[in-house]
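Here is the structure we will look at.
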Amino acid sequence: MALPPDSEQAREEEAAARRAAEQEVLLREVDEAVRQDQLGSVAKRYGWWMVGGLVLALAAFGGYLFWSDRREKQLEQHSEQLVTTLDKIEAGQVDQSADDLAELADSGDTATAYSAKMARAGVALRQNRRQEAVAIFDEIAEDDDAPQPYRDLATIRSVAARFEELPPQQVIDRLKPLATPGNPWFGSAGELVGMAYLKQGKTNLAGPLFAAIAKDDDVPQTLRSRARQLAGLLGYDAVENVDETLAEMRNDEQGADAPAPPAAQ
């Protein structure tokens, strides 16, 4: 007996679907086999290079960590050595500290090295070796690798060390960029620039500058007091708070009357 047409068509569709599913499974297995074969070829061809690269990367990272730790310990050691050396200088043991300062100054482009160089220049000034001190200050001031605060301070110290022999305009040209309100060195640089203006007879420039220094709360009190007196002598009012100014003047007088500390042996 013949099957109904609908039943025969359903059986054919079911058989076609089964063949399609079997073909899809077969293609998937072939694709997976090809992929594994490709990975195996890559591993065989580049495996050692990949492992070697990973080992080198880990070694480089480990080396960096070792270097960083060693450098940090070295910087800490140099900082402690600098503090000890500066204590010796304050105690009057200048000759004993010379070798330590020389070693620290050659320790590299670090804050400790530049601090040691500044200290060497300061010692040279105390021992009346002014040309040597100025040479060190100028070397730091012209060093592009030195931190900017050290360069600025070295410029001020160099100019101050030979203020009397420098032309006033040269003093102004070197320090005027620092002699501006808001600059950390405004007080020190501004005082020298103001004195240079006085040498030029430009009281109209010196007076307002001294008055500005006297009114700046960030400037040390002793420097503000000097600037206030100079501004007053030039006819410029540098007093903003009378009570505060009187209190500062009393403190200055008490400091002047206090006995001087004993000289270091």
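Extension gain, Asp145 to Glu132, is 2.6 nm, computed as 0.36 nm per intervening residue step minus the present C-alpha separation. Surface exposure of the stretch 165-206, expressed per residue as accessible area with a 1.4 Å probe, stands at 49 Å².
Take the Cβ atoms of Lys202 and Ala102, set R0 to 30 Å, and the FRET efficiency comes out at 0.10. Computed extension length for Ala111-Gln229: 38.8 nm, one decimal, from 0.36 nm per residue of separation with the Cα-Cα distance subtracted.
The residue among Thr203, Pro167, Ser107 whose Cα reaches farthest toward the positive pole of the charge dipole of the stretch 102-209, with charges on the beta-carbon of Lys, Arg, Asp and Glu, is Thr203.
The values are calculated or read from the model by the stated rules, or taken from the named source; none is laboratory data. None of the values given here were measured: they were computed from a predicted structure. Here Cβ is always computed from backbone atoms with ideal geometry, including for glycine, and neighbour counts include all displayed protein chains. The protein model used for the area step is the full one, side chains on, heavy atoms only, and it has no ligands, DNA or RNA in it. Shrake-Rupley method; radii C 1.70, N 1.55, O 1.52, S 1.80 Å.
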